[in-house]
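Below: one structure, written as structure tokens.
The values are calculated or read from the model by the stated rules, or taken from the named source; none is laboratory data. Quick caveat: nothing in here was measured; it's all calculated off a predicted structure. Counting neighbours? That spans all protein chains shown, and the Cβs are built from the backbone with ideal geometry, glycine included.
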Amino acid sequence: MRRRPSLAAIAAACVGWPAAARARAPGLFELATPEPVQQVAAGGPSGALAIGAQGTLYALDLGGGQAQPLAKGLDPDTPLAVGHGRIAARRQDGALWVLDAGGASTSKAQALASGAGLLVLPQAVVGVEAEGPRHRVVRLVASGTSAWARVARSTVEVLPDARPLLADLDGHGDGGQVVVLAGPDAERYRHGVLGDAVEATRLCVLERHSLSEMRQLSLAAPHVFEDIAPRRVVLGGRDGLLTVRAGPQGGQLVLVDADPAAPSSLRIAASGPALGTINRWMSPTTDGHRWLAVHTPHIGGVLHEYRQQGHELLATRMRDGVSNHTIGSRRLDLAAWLGPWLLMPGQRQRRLLLLDGRSGWRQAHEWQLPSRLVATASLMDAQGALILHEDGSVAVARPPS
């Protein structure tokens, strides 16, 4: 069992949390895990989930007690998806695995792509299926025999590691449609900062039932979307997307929305300044309302805050020496949002900074970590964030109250 409780954690267990009326200092408390962990996520029966290196799924006890095993044989490289009372994962044989109130159910062994994202909808799960060298979005639903089966597949070729998300770009209030990065190209922009040289040249909106293409934005060569998953943000009262466009002048932050003048198109609503040199990248982080990015997170990362002015995104330099991404990793954002607070790793990811968004991202606290930080997951209601270390241990960071 991997557990190294701090003195603060021991004191909390002995005397309990302070009364609600009293201020609580920020804290970092290690959780009990039966084995080294490879992936963490918020949700599940305890509010915190983890997959061990051998593929066992656990519900972690946020109070420091024993973790509860939920399943075995899952793929630790494919992100968990949680929503609508379900947990969805890829099994190591490529099948879909789903846990809900009725128990666990699976699909037949399929070619769900390892490392690609899953998306839980009210009546379905959306994933990415490999068909030889090509990858397409698929919709799976539970049949009467409790097995999950594919009912739709897109014709659009998407990134092998695409992370589909749901966004209501047209503002219809109908639950939104599936957004995915598509048009994979391995030659146009050979940088490989996200694990391979395959980059997206298109951003597509798919109808969530049929997965037919509804809107799209194609970038002319030599530009690409140097990203895996665009981030949903609020633009003028409806959904928009935040992503990174890259080209000969390096990366730049862009906002994308539905083009009101062209029912089948997306458009770049605003763009920030490019970094100035090819193969210079930035790693965005957002809570949907505030837009930040760490410029060059692998070489002296600098945090910038953005605001929109017409068709421009204006960047303000906030602080140096931070990094929310590891070069070559498909884990896009190692920062975690907790209401007004932002947890941001230091440059070498051995420090964790607590930044206050109400005071220009002033540093309110700092933790030294026992091992390099490799993933985070914000817990519900901004109660804290799961911190996964390179050695496989897991902690929960709590902001002050």
Original post:
Pick from 238, 208, 280, 267: which is buried (at least 22 other Cβ atoms within 10 Å of the Cβ) and of a type in the set (Lys, Arg)?
Top reply: 208
Original post:
Can you find a residue in the range 70-83 that is within 29 Å of residue 167 (Cα to Cα), of a type in the set (Gly, Ala, Ser) and not in a loop (DSSP other than H, G, I, E, B)?
Top reply: yes
**OP:** Identify all residues within the range 380-398 that are touching a Gly at 6+ places or on another chain (Cβ under 8 Å) and either surrounded by 20 or more Cβ atoms within 10 Å (Cβ to Cβ) or part of a strand (DSSP E or B) (or both); write none if there are none.
**Re:** 396, 397, 398
Original post:
Counting only residues that are assigned to a loop (DSSP other than H, G, I, E, B), in contact (Cβ under 8 Å) with a residue 24 or more places away in the chain and acidic (Asp, Glu), how many does the range 176-195 have?
Top reply: 0
**OP:** Find all pairs meeting these conditions: Cβ atoms under 9 angstrom apart; at least six residues apart or on different chains; first residue within the range 72-89 and without any contact (Cβ under 8 Å) to a residue 60 or more places away in the chain; second residue among the acidic types (Asp, Glu) and surrounded by 19 or more Cβ atoms within 10 Å (Cβ to Cβ).
**Re:** 89/75
Original post:
Which of the residues belonging to the range 218-233 are surrounded by 22 or more Cβ atoms within 10 Å (Cβ to Cβ) and of a type in the set (Val, Ile, Thr)?
Top reply: 224, 228
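Table: residues versus (1) on the phi > 0 side of the Ramachandran plot; (2) in contact with a helix residue (DSSP H, G or I) (Cβ under 8 Å, 6 or more places away or on another chain).
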| position | (1), (2) |
| --- | --- |
| 311 | no, no |
| 314 | no, no |
| 321 | yes, no |
| 336 | no, no |
| 339 | yes, yes |
| 342 | no, yes |
| 348 | no, no |
| 355 | no, no |
| 363 | no, no |
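Looking at the range 355-379 only, could you name the residues that are assigned to a strand (DSSP E or B) and without any contact (Cβ under 8 Å) to a residue 12 or more places away in the chain?
362
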Original post:
Name the residues in the range 299-314 that are within 20 Å of residue 356 (Cβ to Cβ) and not charged (D, E, K, R), would you?
Top reply: 301, 302, 303, 304, 306
Subject >> Residues of the range 333-354 satisfying the condition of being free of Cβ contacts under 8 Å to residues at least 60 places away in the same chain and under 14 Å from residue 287 (Cα atoms) >> reply: 333, 334, 335, 337, 340, 341, 342, 343, 344
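Would a scan of the range 373-390 turn up a residue that is at pLDDT below 95, under 19 Å from the mean Cα position of the chain (by Cα), polar (S, T, N, Q) and on the phi < 0 side of the Ramachandran plot?
Yes, because at least one residue in the range 373-390 is at pLDDT below 95, under 19 Å from the mean Cα position of the chain (by Cα), polar (S, T, N, Q) and on the phi < 0 side of the Ramachandran plot.
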Subject >> Qualifying residues in the range 132-175 (those that are in contact with an Asp or Glu (Cβ under 8 Å, 6 or more places away or on another chain), part of a strand (DSSP E or B) and of a type outside the set (Gly, Ala, Ser)) - the one surrounded by the most Cβ atoms within 10 Å (Cβ to Cβ) >> reply: 137
Subject >> Answer from 245, 238, 231 - the residue that is in contact (Cβ under 8 Å) with a residue 12 or more places away in the chain, out of contact with any Cys (no Cβ under 7 Å at 6 or more places or on another chain) and over 27 Å from residue 193 (Cβ atoms) >> reply: 238
Original post:
Does the range 91-112 contain at least one residue that is in contact with a Ser or Thr (Cβ under 7 Å, 6 or more places away or on another chain), outside any strand (DSSP E or B) and surrounded by 14 or more Cβ atoms within 10 Å (Cβ to Cβ)?
Top reply: yes
